[in-house]
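Reading through the structure tokens given below for one structure.
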Amino acid sequence: MDFKQIEAFVFVAKYKSFSRAAEKLLLSQPTISTHISTLEEQLGVKLFDRLSKEVVLTEAGQVFYPYAVDILDLRERSHEAVKEFLNEVSGHLHIGYSTVAAEFILPEVIKKFKEDYYKTFFTLDNGNTQNVIQRLSDGILDLAIVARKIPKKDLEYKVLTKDKIVLIVHKNHKFFTRDSVFIEEILGEEFITREVGSGTRASVEHAFKNKGYDFDSLNAVAVLSSTFSIRNAVKRELGIAFMSEMALAEDDHDTSVKAIPVTDLMVEKDVYVVYSKNRTNKKLLKHFIETILKFK
């Protein structure tokens, strides 16, 4: 047996599904099936019963499962022990993110980190907060950067920075020449909003509610799922919108849109670094967390 077979077995057992295990391990379902079949042949026992809606462990599978988990854990700890012996910080970190702020923070932090630890490389995955946090909890990701907390007992959230959410308008809008506006003035305007589940949308909804207004009463003409698409839609005069100030500042040469302060509305969102409490013994991860939390 090899580690790929053990890993496939543990993930199928955990998710009770060959397709879910394949999705989590970024493999094809036939590959997962082959790993399991080969492992069953080598052990001489059937490890799973295939029911109509899910896959469950046989009695033999239940006996084997804790040993399989220990094998994978021992592999990880053995690698870390050797690196510790060599006093070396090296290897791969898999980072997920769901907020645009991460796209500006991570390249700078990784560049600085690699100056000190050049034998490192990184994989960055973008997704919605719920998916990113689930993959982190499952052990697929080493670290995540998100703008919304989803409580899980095994995860630690640390505030990395704050991102201000600003109102942006296009150059032909009546607010473009204004120094500021009030909430009452923007309620009747055509708005482009972020999708439900977006950290930006959640922050704006919360700020509106605190001021006694209903976010859903805005005249929304479109719902878009990225900061880039929001900015382009405003630029093309589809409407006005709220977006990350950090993202807006990235292209300060573009004079076709600008931020207009809403005098009686302040919207900020915390940006969090999230990691598993059970994995901080990984030397590379520990050093990277220390580096990113020093980011200013």
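So here's what we get for this one:
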read-out	value
Out of Phe3, Phe18, Phe9, sole residue that is modelled with pLDDT of 90 or more, crowded, with 17+ Cβ neighbours inside 10 Å and in contact with a Leu (Cβ under 8 Å, 6 or more places away or on another chain)	Phe9
In the stretch 234-249, residue farthest from Thr129 (Cα to Cα) [restricted to those that are assigned to a strand (DSSP E or B) and more than 19 Å from the chain's Cα centre (by Cα)]	Ile240
Residues within the stretch 201-233 that are over 15 Å from Ala247 (Cα atoms) and not in a helix (DSSP H, G or I), tallied	11
Listing of strands (runs of 3 or more DSSP E) fully contained in the stretch 52-138 that carry 3 or more residues being of a type in the set (A, V, I, L, M, F, W, C)	55-57, 120-126
Evaluation of Thr263 against (1) assigned by TED's automatic domain parsing to the domain that holds Ile110; (2) in contact with a Ser or Thr (Cβ under 9 Å, 6 or more places away or on another chain); (3) surrounded by fewer than 13 Cβ atoms within 10 Å (Cβ to Cβ) (one fails), failing number	(1)
Members of the stretch 37-50 found to be more than 14 Å from Val10 (Cα to Cα) and either in contact with a helix residue (DSSP H, G or I) (Cβ under 8 Å, 6 or more places away or on another chain) or in contact (Cβ under 8 Å) with a residue 40 or more places away in the chain (or both), listed by number	Thr38, Gln42, Leu43, Val45, Lys46
Single residue of Asp142, Asp154, Asp138 found to be of a type in the set (Asp, Glu) and crowded, with 18+ Cβ neighbours inside 10 Å	Asp142
Selected residue (only one of Lys269, Lys258, Lys283 is closer than 22 Å to Phe104 by Cβ, buried (at least 16 other Cβ atoms within 10 Å of the Cβ) and modelled with pLDDT under 90)	Lys269
Subset of the stretch 173-200 (residues that are at pLDDT 90 or above, part of a loop (DSSP other than H, G, I, E, B) and not aromatic (Phe, Trp, Tyr))	His173, Lys174, Thr177, Arg178, Asp179, Ser180, Leu187, Glu189
Close pairs from the stretch 51-79: first among the β-branched types (Val, Ile, Thr), partner exposed (fewer than 14 other Cβ atoms within 10 Å of the Cβ) and part of a helix (DSSP H, G or I), Cβ under 9 Å, at least 6 apart	Ile71/Phe3
Close pairs from the stretch 24-36: first closer than 17 Å to Asn131 by Cα, partner surrounded by 15 or more Cβ atoms within 10 Å (Cβ to Cβ) and of a type in the set (A, V, I, L, M), Cβ under 9 Å, at least 6 apart	Lys24/Ile140; Leu25/Ala8; Leu25/Ile32; Leu25/Ile140; Leu26/Ile140
Residue within the stretch 153-172 that is farther than 20 Å from Asn278 by Cβ, among the acidic types (Asp, Glu) and assigned to a strand (DSSP E or B) present	yes
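One line per residue, one yes/no per condition, for (1) at pLDDT below 90; (2) under 19 Å from Gly197 (Cβ atoms); (3) not small (Gly, Ala, Ser):
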| site | (1), (2), (3) |
| --- | --- |
| Lys112 | no, no, yes |
| Tyr118 | yes, no, yes |
| Leu124 | no, no, yes |
| Ala144 | no, yes, no |
| Arg148 | yes, yes, yes |
| Val169 | no, no, yes |
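The values are calculated or read from the model by the stated rules, or taken from the named source; none is laboratory data. All figures in this text were calculated on a predicted structure; none of them were measured in a lab. Every residue, glycine among them, receives a Cβ derived from its backbone with ideal geometry; neighbour counts consider all protein chains shown.
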